[in-house]
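Novice: Can you keep this structure in mind? I'll have questions shortly.
The values are calculated or read from the model by the stated rules, or taken from the named source; none is laboratory data. Remember, predicted model here, so these are calculated numbers, not experimental data. Reconstructed Cβ throughout: ideal geometry from the backbone, glycine too, with neighbour counts over all protein chains shown.
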Number of protein chains: 2
Amino acid sequence: MYNIREASTMTGFSLDTLRYYEKMGLIQPASRGTGGVRSYSDANVHQILSIKCLKQSGLSLEDIKDFIADGQCFRNKEALDDEEMKLIQSRMSILAAQLDRLEEQRQALDQTIAEARTKLDYYEKLMQS
Amino acid sequence: MYNIREASTMTGFSLDTLRYYEKMGLIQPASRGTGGVRSYSDANVHQILSIKCLKQSGLSLEDIKDFIADGQCFRNKEALDDEEMKLIQSRMSILAAQLDRLEEQRQALDQTIAEARTKLDYYEKLMQS
DNA sequence: CCTTGACCTGGAGTCAGCTCCAGCGTTTAC
DNA sequence: GTAAACGCTGGAGCTGACTCCAGGTCAAGG
């Protein structure tokens, strides 16, 4: 278990940002000690790192919230009832939409990287001559 | 030549956004008519579309400004003087830094896309059974 | 001429995502 | 038992990127 300062140095987010993400519903520290002191588990830290990756790929906090919602709610079940079916379908359409956007973004990113390389090459040649 | 409304529909940016980008120094419409009416050339529209691509790959307006600075300032020259050398070197280091960030971002993005696919597959299997 | 519609400007407002701060509660060290 | 160090909370403040608006200019149509 880690305190917020340790979690901060392990993940690279500031104390304030960790608290802010919690308020926004992205993280739930494993527990609270006396005086309400936050305590982060390894799983917590892992999740925060995964949030960092999602952020770095350009998702908004809302998108991240949608993205990480779930994961283990439906395991170990023989059958699903109607409610669960609907829930899963709505999650699937959200995920599918996100995936589309991410793939578009990747195309743009590839193009941008290629252009940056071209520019750099151009400058390099310019300097050599 | 296109007016701002045409430029807007051609590029997908709002009128206000186009004017805002101009104020931020990203675009210079080819000319102004009577009453200061903006007039965009094909080259302008092309550049705006390229800005759109840069935006979509996650660059800030400042980064975009750095990215598109230049391009034709040093063509057709036999030799470069000291000033120009320094300018090019500073541009190269900015571009190189951006390239690094972009490549990191692409790693994150690939990972995110892979995770999204995994999640979708998982849900799909869940629904089939 | 006068109205209508498209454009202009400067400035205010909005939203996301932090960041900072005052004031308060523990715990720890002297 | 008290001061320093750390954490907590609620709320204010800030930046980037728009978005909206009031008030003005100009061109064309009736």
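Novice: Look through B:ASP42, B:ASP100 and report the one residue that is assigned by TED's automatic domain parsing to the domain that holds B:ILE4, surrounded by fewer than 18 Cβ atoms within 10 Å (Cβ to Cβ) and more than 30 Å from A:ILE88 (Cα to Cα).
Specialist: Unique residue meeting the criteria: B:ASP42.
Novice: State yes or no: is B:GLU62 within 9 Å of DNA strand C (Cβ to nearest atom) and either over 22 Å from A:ARG101 (Cβ atoms) or not aromatic (Phe, Trp, Tyr) (or both)?
Specialist: When the stated conditions are applied, B:GLU62 does not pass them.
Novice: From the residues in the range B:2-18 that are more than 21 Å from B:PHE67 (Cβ to Cβ) and within 8 Å of DNA strand D (Cβ to nearest atom), which one is nearest to the other protein chains (Cβ to nearest Cβ)? Give the derivation first.
Specialist: Step one: list which residues in the range B:2-18 are more than 21 Å from B:PHE67 (Cβ to Cβ), which gives B:2-6, B:8-10, B:14-16.
Right, trim to within 8 Å of DNA strand D (Cβ to nearest atom) and you get B:14, B:16.
Details: B:SER14: 19, B:ASP16: 21 Å.
Filtering the range B:2-18 for residues that are more than 21 Å from B:PHE67 (Cβ to Cβ) and within 8 Å of DNA strand D (Cβ to nearest atom), the one nearest to the other protein chains (Cβ to nearest Cβ) comes out as B:SER14.
Novice: Out of curiosity, is B:GLU83 within 16 Å of DNA strand C (Cβ to nearest atom) and acidic (Asp, Glu)?
Specialist: Answer is no for this residue.
Novice: Let me ask something additional. Which of the residues spanning the range B:15-41 are more than 16 Å from the chain's Cα centre (by Cα) and away from DNA strand C (no atom under 11 Å from the Cβ)?
Specialist: B:ALA30, B:SER41
Novice: Now for a different question. Would you say A:ALA96 is more than 16 Å from DNA strand D (Cβ to nearest atom) and either away from chain B (no Cβ under 14 Å) or in contact with a His (Cβ under 8 Å, 6 or more places away or on another chain) (or both)? Reasoning before the result, please.
Specialist: Details: more than 16 Å from DNA strand D (Cβ to nearest atom): yes; either away from chain B (no Cβ under 14 Å) or in contact with a His (Cβ under 8 Å, 6 or more places away or on another chain) (or both): no.
Judged against the criteria, A:ALA96 is not a match.
Novice: Name the residue that is nearest to DNA strand D (Cβ to nearest atom), counting only residues in the range B:19-39 that are loosely packed, with under 14 Cβ neighbours inside 10 Å and hydroxyl-bearing (Ser, Thr, Tyr).
Specialist: The residue in question is B:THR34.
Novice: List the helices (runs of 4 or more DSSP H) inside the range B:30-129, counting only whole elements, that have at least 1 residues being farther than 20 Å from B:PHE13 by Cα and touching a residue at least 12 places away in the same chain (Cβ under 8 Å).
Specialist: B:61-68, B:82-128
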